[in-house]
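Student: Here it is, the structure, as C-alpha cells.
The values are calculated or read from the model by the stated rules, or taken from the named source; none is laboratory data. This one's a predicted model, so the numbers in the text were calculated from it and none came from an experiment. Glycine also receives a Cβ, built like all others from the backbone with ideal geometry; neighbour counts cover every protein chain displayed. These accessible areas exclude ligands, DNA and RNA; they are computed on the full protein's heavy atoms, side chains included. Shrake-Rupley method; radii C 1.70, N 1.55, O 1.52, S 1.80 Å.
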Amino acid sequence: MSKLIYITVNPKPDKKLSRGMQIGEVFLEEFKKEQPDVEIEHMHLYDMDIPEIDMDLLYARAKLSFMGYTKEQLSEAERTKLEKMHALADRFIAADYYVFVTPIWNLGAPAILKSFMDCLFIAEKTFTNTESGPKGLLTGRKAIHIQTRGGIYSTGPMVEFESGDRYLRKALEFLGFDLLDTVFAEGMDHFPKMVPEIMAKAKEKAAEAAREMAKEIVTA
C-alpha cells in the first residue's frame with residue numbers, strides 16, 4: 001500500500017488559525033477522493049521531539065564515519081541522539097508521497113524545518129557519495145510544498161530573497177525526490193482585503209496538485 005506523509009510546520013495548534021494548513025486540508029481532501037486507500041500519516045513538527053545537530057551529534061557522526069569508533073563506544077548522549085535521528089529518518093523514508101506545509105518567516109522557513117531536514121541527511125541511508133559526486137537515494141518519491149507568504153516573492157524585487165521554498169526544494173532534490181510545482185498563497189499581509197481571493201486561488205491550485213499526485217499513484 002502506498003503511503004503519504006503530510007508535514008505541517010506551524011506552531012499554531014488549530015488548522016483554523018493557519019491559512020497554510022487550510023490550504024493543505026484542501027489538498028488532503030481532494031487526494032483522499034482520488035486515492036482513498038492510500039495511508040496518510042501526519043507529522044506536525046511542533047509536536048515532535050526533533051534532535052538538533054549539537055556537539056553530541058557532531059561527534060557521534062564523526063566518530064562513526066572516519067574516527068574508527070563503533071556505536072557501542074559512543075557516549076550515552078551521543079548514542080541516544082543518533083538513534084533518535086535515525087528513527088526519524090526511517091519513519092520519513094517509509095513513505096512514497098509527501099506534502100510540506102510551511103509559512104515563510106523572515107525570508108525563510110521556520111527553524112524547526114531545518115532541524116527536521118538535518119535529520120534526513122544520512123550518508124548511505126538517504127544519499128551516497130560517488131566518484132561523480134553525491135547521489136540521492138530517495139528516488140521515485142514525489143513531494144509538493146504548500147507555502148504561505150505575507151509578501152510578494154514570485155515577482156518583483158523580493159524574488160531573490162525567498163529562501164524557504166528554495167531551500168526545501170533543493171534539499172529534496174539532493175535526496176532524489178521528484179517535485180511538483182509549489183503551491184503558494186502570497187501577498188496576504190500586503191493586501192489584506194484580497195485574502196479571500198488569494199486563498200481561493202491557492203486552494204484551487206492545491207486541489208489540482210492533489211489530483212496530479214494521485215494520478216502518479218495510478219500510473220506507478
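Student: What dipole magnitude, in Debye to the nearest 20, does segment 51-140 give about its Cα centre under +1 on Lys/Arg Cβ and -1 on Asp/Glu Cβ? Each step should come with its number before you reach the end.
Tutor: Values: 10 positive and 12 negative charges, 17 e Å.
My answer is approximately 80 debye.
Student: Carbon-plus-sulfur fraction of the accessible area of the chain, 1.4 Å probe, in percent? Walk me through the numbers on the way to the answer.
Tutor: Values: 6030 of 11610 Å².
So the carbon and sulfur contribution to the accessible surface is 52 percent.
Student: Report the dimensions of segment 152-191 along its three principal axes from the alpha-carbon atoms, largest first, rounded to Å.
Tutor: The Cα atoms of segment 152-191 stretch 37, 18, 13 Å along the principal axes, largest first.
Student: In deg cm²/dmol and to the nearest 500, what is the mean residue ellipticity at 222 nm of the chain if only DSSP H runs of at least 4 residues count, each as -39500 (n - 2.57), divided by the residue total?
Tutor: Values: 6 runs with 90 residues, N = 220.
Mean residue ellipticity, 222 nm, calculated: -13500 deg cm²/dmol.
Student: Name the long-range amide H neighbours of residue 105: under 5 Å, sequence gap of 5 or more, or other chain; modelled H, no Pro or chain starts.
Tutor: none
Student: In percent, how large is the relative contact order of segment 140-185, given Cα pairs closer than 8 Å and 6 or more residues apart?
Tutor: On the way: 46 pairs, mean separation 29.6, N = 46.
So the answer I get is 64 percent.
Student: Going through segment 55-126, which chymotrypsin sites (Phe, Trp or Tyr not before Pro) have at most 14 other Cβ atoms within 10 Å and a DSSP loop state?
Tutor: Details: sites: 59, 66, 69, 92, 97, 98, 100, 105, 116, 121; in loops: 66, 69, 121.
In loop regions of segment 55-126 (DSSP not H, G, I, E or B), the sparsely surrounded chymotrypsin sites (Phe, Trp or Tyr not before Pro) are 66.
Student: Given (i) 13.2; (ii) 16.9; (iii) 14.0 as candidate values of mean projected area of the Cα convex hull in nm², which corresponds to the one derived from the coordinates?
Tutor: Correct label, based on the coordinates given: (iii).
Student: Give the percent of DSSP beta bridges with both residues in segment 59-199 that are antiparallel, rounded to the nearest 5.
Tutor: On the way: 5 of 19 bridges.
So the antiparallel bridges in segment 59-199 amount to around 25 percent.
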